[in-house]
Amino acid sequence: MTLEEIAKKLNENDEKIILIYAFNSIGKTQLSVAYKNFTKANNNGDHSGVYYNAYSEDLFKWDNDEENDNANLRLNVIRSSLNQFHNLIVLDPERVSEKLQPYQPKYKFEFKEYENPEDGIESISFFLENGEEKKRIKISRGEERIFVWCFFLALFEVDGWADEQDAHYFIDDPVSSLDDHNIFITANTIFDLIEENYETEKRIIITTHHIGLFSILTDRLKKGEKSGRYKNITKLFILNNRDNDFSLKNPNNDVFLFHLHLLQTLEDAVRNQLYVYHFVLLRQTLENINSFLGKGGIGYALEQIGIVNVEEVGNTINSLSHKDAYHLQFNEMSPQEEALFKDIFQKILNTYKFILH
């Protein structure tokens with residue numbers, strides 16, 4: 001299929017929440033453009049929904065002011081049709097600050113408007129407060145991506161844009177350059193957006209290359225505490241591309257693809273930093289193994305990899321992957337939790353001989 005045919009298929013899909021996983025460079029951003037073009041063509045040439053993608057991020061460009069030793073260091077906002085909606089954010093910058101709060105930024109920010117306020121925001125400066133002195137800084141690439149994402153989350157709430165172009169949200173990979181901790185927080189912000197809109201007519205499409213983000217959202221929408229609201233209106237896909245022949249497949253047919261990506265994600269966490277929420281991904285790995293073997297739950301997989309006290313370990317995994325895991329458990333694992341996690345993970349690798357690299 002072409003991307004245009006994929007876009008048509010997504011638009012005709014019965015489910016309102018669509019989550020798509022794809023490798024980098026497969027064509028996720030191009031799909032968002034194809035979907036925009038398809039829906040515009042069926043709406044008299046007008047936008048029917050709103051988008052967050054690489055083009056959204058490209059609207060923000062650094063001016064390092066090298067000539068003046070960075071004295072006027074700022075993030076310029078490229079003019080676009082969105083500038084007309086900036087005014088309410090300028091009048092109430094707390095809209096952005098509230099979206100940023102879960103990420104706990106260390107910086108402050110200020111907007112500079114054009115002379116004509118209707119032209120919106122010209123630039124954004126970031127600074128650290130030291131008494132009365134404001135020292136302008138350049139935030140990191142990850143911090144910049146988080147800020148732009150939160151800026152758009154605030155913009156989604158401005159009257160005249162998302163409430164008028166209300167057919168869909170199309171969110172393409174808002175997690176580039178983010179570490180696992182911030183990816184988990186971003187998953188929360190996406191889930192909050194879903195929760196605010198799932199009872200409306202709006203379709204929500206999320207694409208990502210990050211298996212952790214895909215898995216956390218999948219788990220919450222299909223198996224989480226509130227999944228009763230969402231599981232029957234959620235559809236999962238894998239986007240593939242072979243010589244510009246695109247396809248959308250249900251991930252249930254590619255269980256070992258998910259094993260590989262999940263295990264690579266967990267291996268990286270074992271090497272670098274484990275957080276309690278990684279038990280969510282570990283549980284999904286065990287469930288996928290059981291599914292492949294035609295069994296339910298995680299107990300059978302635990303037995304197969306050599307866990308002796310299966311019931312106790314299973315209860316621990318279920319507790320750690322459900323108890324506030326989706327909102328609060330950004331904390332590091334305790335030594336006991338880390339030892340259990342590493343033991344199970346190594347036993348999975350030893351039993352099934354996965355080649356991760």
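The values are calculated or read from the model by the stated rules, or taken from the named source; none is laboratory data. Since this is a predicted model, take the numbers as computed values, not measurements. Quick reminder, even Gly has a Cβ in these numbers, built from the backbone with ideal geometry, and neighbours come from all protein chains shown.
Quick rundown of the values:
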| item | result |
| --- | --- |
| Per-region count, the stretch 133-161, residues within 19 Å of Ile121 (Cα to Cα), acidic (Asp, Glu) and more than 16 Å from the chain's Cα centre (by Cα) | 2 |
| Residue, surrounded by the fewest Cβ atoms within 10 Å (Cβ to Cβ), within the stretch 98-108, restricted to residues that are farther than 14 Å from Trp149 by Cβ and in contact (Cβ under 8 Å) with a residue 12 or more places away in the chain | Lys106 |
| Counted residues, the stretch 89-144 - those being out of contact with any strand residue (DSSP E or B) (no Cβ under 8 Å at 6 or more places or on another chain), closer than 22 Å to Val158 by Cα and not polar (S, T, N, Q) | 12 |
| Residues (hydroxyl-bearing (Ser, Thr, Tyr), surrounded by 19 or more Cβ atoms within 10 Å (Cβ to Cβ) and in a strand (DSSP E or B)) located in the stretch 192-247 | Thr207, Thr208, Thr234 |
| Top-ranked residue of the stretch 62-88 - restricted to ones that are more than 22 Å from Glu118 (Cβ to Cβ) and touching a strand residue (DSSP E or B) at 6+ places or on another chain (Cβ under 8 Å), ranked as surrounded by the fewest Cβ atoms within 10 Å (Cβ to Cβ) | Ala71 |
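Results for (1) of a type in the set (Asp, Glu); (2) out of contact with any helix residue (DSSP H, G or I) (no Cβ under 7 Å at 6 or more places or on another chain); (3) at pLDDT below 90, shown as yes or no for each residue.
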{"position": "Ser176", "(1), (2), (3)": "no, no, yes"}
{"position": "Ile183", "(1), (2), (3)": "no, no, yes"}
{"position": "Ala187", "(1), (2), (3)": "no, no, no"}
{"position": "Tyr198", "(1), (2), (3)": "no, no, no"}
{"position": "Lys202", "(1), (2), (3)": "no, yes, no"}
{"position": "Ile206", "(1), (2), (3)": "no, no, no"}
{"position": "Leu213", "(1), (2), (3)": "no, no, yes"}
{"position": "Asp219", "(1), (2), (3)": "yes, no, yes"}
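To keep it simple, each residue is scored yes or no on (1) under 30 Å from Gln264 (Cβ atoms); (2) in contact (Cβ under 8 Å) with a residue 40 or more places away in the chain; (3) in a strand (DSSP E or B).
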| residue | (1), (2), (3) |
| --- | --- |
| Ile146 | yes, yes, no |
| Gln165 | no, yes, no |
| Ile171 | yes, yes, yes |
| Asn182 | yes, yes, no |
